Amino acid sequence: MADDYEDWRRQVRSLFQARPQWQVIAEAVDGPEAIQKAEELKPDLIVLDIGLPKLNGIEAARRIRQLCPGSKIIFLSLYHSSDMVQAALSTGGLGYVRKIDARRELVLAVDAVLRGKQFVSSSIKGLTDTSGEKAPHRHELLMFSDDTVLLDSFTRFIAAALKADNAAIALVTKSHQESLRQRLKAEGVDTDGAIQQGTFILLDVADTLATLLVDGLPDPVRFLEDFSGLIKEAAKAAKAEHPRVAFCGECLGRLWAEGKTDAAIRLEQGCDELVKTHEVDILCAYPLRSFHGEEDEHIFQSICAEHSAAYSQ
């Protein structure tokens, strides 16, 4: 852990107590010291402040990546400009957490990055462009704090697809459907027209799960057949030359809330198959309050393993 402020190092140590198996093996107060200790100890993970004295965290990260490429890097910083975020992630770092978000996001970021997944603070997600490094197919994880965050995130995801003449599929609860429609209209999307044209498919979570679950678990064959058909149908209706389909929903959060974690993980695996075989971008959503530290760690890691990136908001 490299930060020139003792208060921040103490806060990070305190946050890491949520994972007894994590051990802070060294601390550094400037860039050269961070490089020296990284080369000497070759840790699994390095948390770097960007504003380090003597040598900034971005330059330190470049040298660390050369000396110990097996060490994963998370940037923990006050900075949030697009140029700064891009420069940091271009070094090969997998995580970027704003210090203002550290209390609720840093442990989640470390969990994700240790599994090789990217994690970017929700407040700066829109500033990043890692398209040159990410796989062409996206299967991303959103951990949301409340329904407003969930619906706003789905709205941005769907609106971006429809405005680019692509298609979208959304699985939401009946209570959220009208709110989602209104949010999309506020973004300039002709929701009714898109539904009539077939470029926007809006489904109910309860009805969907009722057709997919057999003895409490999803039928993998039925899942792939049903959603492959929906994706192809939506893509055919899209006007883009090479259409993609944005696919988001609340099914996984509903299963999680009902304690059906095995069913949620199996659906995640099915989604992973979809992104490998179709031109589809998937956004899965879970309530942030569902993750309760060490007791849910193995489940959280299993879920992260099925995603290309994870975010919380």
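Taking the mean number of other Cβ atoms within 10 Å as a proxy for protection, how do you rank 230-242, 24-36 from highest to lowest? The partial results should precede the final answer.
Numbers: 230-242: 15.8, 24-36: 18.2.
Put in order of decreasing packing, that is 24-36, 230-242.
Under a 5 Å amide H to amide H cut-off, with H placed in plane at 1.01 Å, what residues pair with residue 280 once short-range neighbours are removed?
For residue 280, the qualifying residues are 245.
GNM, the chain, Cα, under 10 Å: largest mean-square fluctuation among 19, 244, 98?
It is 19.
For the ranges 151-161, 245-255, what's the packing order if you count other beta-carbon atoms within 10 Å of each residue, average per peptide, and put the highest first?
Numbers: 151-161: 20.7, 245-255: 23.9.
Packing proxy ranking, top to bottom: 245-255, 151-161.
Starting from the Cα of residue 7, step 7 Å along the direction of its Cβ; do the same at residue 174; then give the gap between the two resulting points in nm.
With each label placed 7 Å out from Cα toward Cβ, I get 5.2 nm.
Helix 174-186 against the longest principal axis of the chain: what's the angle in degrees, Cα atoms only, rounded to the nearest 10?
It is inclined by approximately 80 degrees.
Check cross-link reach from residue 42 to the lysines: straight Cα distance under 30 Å, and skip same-chain residues fewer than eight apart.
Cα-Cα hits under 30 Å: 54, 72, 99, 117, 125, 134.
Using only Cα atoms and rounding to the nearest 10 degrees, what angle (0 to 90) does helix 261-277 make with the longest principal axis of the chain?
The two axes meet at around 80 degrees.
Apply the Karplus parameterisation 6.51 cos²θ - 1.76 cosθ + 1.60, with θ equal to phi minus 60°, to every residue of segment 218-230 and state each ³J(HN,Hα) to the nearest whole Hz, in sequence, with x for glycine and proline.
Per-residue couplings from phi come out as x, 7, x, 5, 4, 4, 5, 5, 5, 7, 4, x, 5 Hz.
Helix 102-114 against the longest principal axis of the chain: what's the angle in degrees, Cα atoms only, rounded to the nearest 10?
Helix 102-114 sits at roughly 90 degrees to that axis.
Over the Cα atoms, compute the radius of gyration (one decimal) and Dmax (the largest Cα-Cα distance, rounded to a whole number) for segment 6-122, in Å.
Taking only Cα atoms of segment 6-122, I get Rg and Dmax of 12.7, 36 Å.
Treating the beta-carbon of each Lys and Arg as +1 and of each Asp and Glu as -1, no other charges, what is the dipole magnitude of the chain about its Cα centre, to the nearest 20 debye? Could the numbers behind the result be given before it?
Numbers: 36 positive and 48 negative charges, 102 e Å.
Here the size comes out at about 500 debye.
Amide H to amide H, which residues 5 or more places from residue 73 or on other chains are under 5 Å from it, using H placed in the peptide plane?
Distant-sequence amide H within range of residue 73: 46, 94, 95.
Under 27 Å between alpha carbons: how many lysine pairs meet that in segment 139-312, if sequence neighbours fewer than 8 apart on the same chain are excluded?
Count of close lysine pairs: 17.
Can you work out ³J(HN,Hα) from phi for every residue in segment 188-200, in order, using Karplus 6.51 cos²θ - 1.76 cosθ + 1.60 and θ = phi - 60°, giving whole Hz and x for Gly and Pro?
With the stated coefficients, segment 188-200 comes to x, 8, 7, 4, 4, x, 5, 5, 5, 6, x, 7, 10 Hz.
Every read-out reported here was derived from the displayed coordinates using simple, explicitly stated rules and does not represent laboratory data. Values in this document were obtained by computation on a predicted structure and should not be read as measured data. When we count neighbours, we look across all protein chains shown, and the Cβ atoms used for this are built from the backbone with ideal geometry, even at glycine.
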